[in-house]
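Let me begin by presenting the structure, written as structure tokens, before commenting on it.
The values are calculated or read from the model by the stated rules, or taken from the named source; none is laboratory data. The shown structure was predicted, so the numbers you read here are calculated from the model rather than taken from an experiment. Because the Cβ atoms are built from the backbone with ideal geometry, glycine has one as well, and the counts that use them run over all protein chains shown.
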């Protein structure tokens, strides 16, 4: 695994017993000693610490940055107030999703956090369209997630953002921290950008709190699936539009037809047509009957007719039953629709279900 | 007791073999959440994939280690798949098979050879 990148927390992850795997070019812990199931439940009950330093951190400088970024996403960036963060999507000319990202307004700069697997392409995309793109090097990104996340963070630093999707720059004993109150689990929590040379001390301080345990990528995936959140490259990609992906909520009012700055992003015509006419397929939750998980790639049927495909599936540690999501024909998307999945050559029943599977626990 | 390269253990019980997976396999799989077992009284060939184990990570198969007839399956595993992690060498046996030719059993590794394999 010598050609894989290592995060500033690599040594700590290994010391903590992390089982390392290659992920998007990085050597990351997929699980620690307790295993995916216990890590998952611990995060929902208390607080999990995730090394997410593999994700791309990018700063956008200059007066025109918000306007330039707005031209790449169907989201209101100009109206994003200092101290706030918003979910956004890079679209292509067909309305497909190149990546999903978080955009934060730090007053004198915007910060963008993108998926590790797409970071190189995203940075090239940003540099083609925006001046003043600075790729952040020498910083780790640490996520704290769970109902005790605030108590854990408060044991290490004094100031932090108060509400979901607030952000703050905080001077601390661990250097200059860039903190957002957000995450990828459906729980309250934070993502903290910390100088690389202080990251291990900071993580050790957080882990010293009795409620805080390290969590690997395995549980990160089952947590986000319970929360109904998409993984780019799996549930959304360059061939799925935000409307098909049931991410219409992420399209800002100002950028939708009738809004103050409607359109003006790649693929706007396709997306606007789907908003008006409805998409042919939709991303939905799927609840398999029985205990067998139904994972990505499993084909769905309604009677003899193809109905769609599963894009993510796992066994839900909280619900103690399998959960999946995927795309189905729009006519079959209403919750409770009975379908069949072809699993190991046999048809197995499942139903469409409302997302998320586990209600969000954000601090509003 | 003997072991296969696919991390199954085989324990003779009268003229039957009891089959399960090793601790090494169980820890590699992670938390087991679902087990699908073969029908009793079915005839299987060596190498037939007759058990599906789903863990939190992925699905894997267990192959029949010998030709023979499935005599019994451990239905407790369907109710409580976590037994595969808790007691892989004991309570969490998968099936009992009556080999057509018991000498197929003798060809498998002993414990020392298996421990060398998994290091």
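Of the residues A:157, A:142, the single one that is under 22 Å from residue A:222 (Cβ atoms) and modelled with pLDDT of 95 or more is A:142. When the residues of segment B:23-39 are filtered to those that are surrounded by fewer than 21 Cβ atoms within 10 Å (Cβ to Cβ) and assigned to a loop (DSSP other than H, G, I, E, B), the one that is nearest to the other protein chains (Cβ to nearest Cβ) is B:30. Is there a residue being out of contact with any strand residue (DSSP E or B) (no Cβ under 7 Å at 6 or more places or on another chain), within 25 Å of residue A:216 (Cα to Cα) and within 14 Å of another protein chain (Cβ to nearest Cβ) anywhere in segment A:23-30? Yes, there is a match, as at least one residue in segment A:23-30 is out of contact with any strand residue (DSSP E or B) (no Cβ under 7 Å at 6 or more places or on another chain), within 25 Å of residue A:216 (Cα to Cα) and within 14 Å of another protein chain (Cβ to nearest Cβ).
Quick check on residue B:92: is it modelled with pLDDT under 95 and under 30 Å from residue A:323 (Cβ atoms)? Judged against the criteria, residue B:92 is not a match. When we screen A:60, A:72 for residues that are assigned to a strand (DSSP E or B), outside the structural domain of residue A:150 (by TED's automatic domain parsing) and surrounded by 21 or more Cβ atoms within 10 Å (Cβ to Cβ), the only hit is A:60. Inside segment B:65-83, residues that are more than 13 Å from chain A (Cβ to nearest Cβ), surrounded by 18 or more Cβ atoms within 10 Å (Cβ to Cβ) and out of contact with any helix residue (DSSP H, G or I) (no Cβ under 9 Å at 6 or more places or on another chain) make up a count of 2.
Among the conditions (1) away from chain A (no Cβ under 12 Å); (2) modelled with pLDDT under 95; (3) outside any strand (DSSP E or B), residue B:62 misses just one, which is (3).
Residues being in a loop (DSSP other than H, G, I, E, B) and away from every other protein chain (no Cβ under 13 Å): count how many of those fall in segment B:40-59.
Total meeting the criteria: 7.
When segment B:84-114 is filtered for residues that are in contact with a strand residue (DSSP E or B) (Cβ under 8 Å, 6 or more places away or on another chain), surrounded by 14 or more Cβ atoms within 10 Å (Cβ to Cβ) and not in a loop (DSSP other than H, G, I, E, B), the ones remaining, listed by number, are B:84, B:85, B:95, B:96, B:97, B:98, B:99, B:105, B:109, B:114. Residue A:231 passes every criterion in (1) under 19 Å from residue A:43 (Cβ atoms); (2) under 18 Å from the mean Cα position of the chain (by Cα); (3) crowded, with 22+ Cβ neighbours inside 10 Å apart from (3). I'd like to know if segment A:254-276 contains one or more residues that are in a loop (DSSP other than H, G, I, E, B), within 14 Å of chain B (Cβ to nearest Cβ) and surrounded by 18 or more Cβ atoms within 10 Å (Cβ to Cβ). Within segment A:254-276, none of the residues are in a loop (DSSP other than H, G, I, E, B), within 14 Å of chain B (Cβ to nearest Cβ) and surrounded by 18 or more Cβ atoms within 10 Å (Cβ to Cβ). Does residue A:239 meet the test of being within 19 Å of residue A:92 (Cβ to Cβ) and part of a loop (DSSP other than H, G, I, E, B)? Considered against the rule, which asks whether it is within 19 Å of residue A:92 (Cβ to Cβ) and part of a loop (DSSP other than H, G, I, E, B), residue A:239 comes out as yes.
Would you point out which residue out of A:34, A:29 is closer than 21 Å to residue A:315 by Cβ, part of a loop (DSSP other than H, G, I, E, B) and assigned by TED's automatic domain parsing to the domain that holds residue A:169?
Exactly one residue qualifies, and that residue is A:34.
May I ask you to verify whether residue A:227 is closer than 18 Å to residue A:144 by Cβ, within 14 Å of chain B (Cβ to nearest Cβ) and touching a strand residue (DSSP E or B) at 6+ places or on another chain (Cβ under 9 Å)?
no
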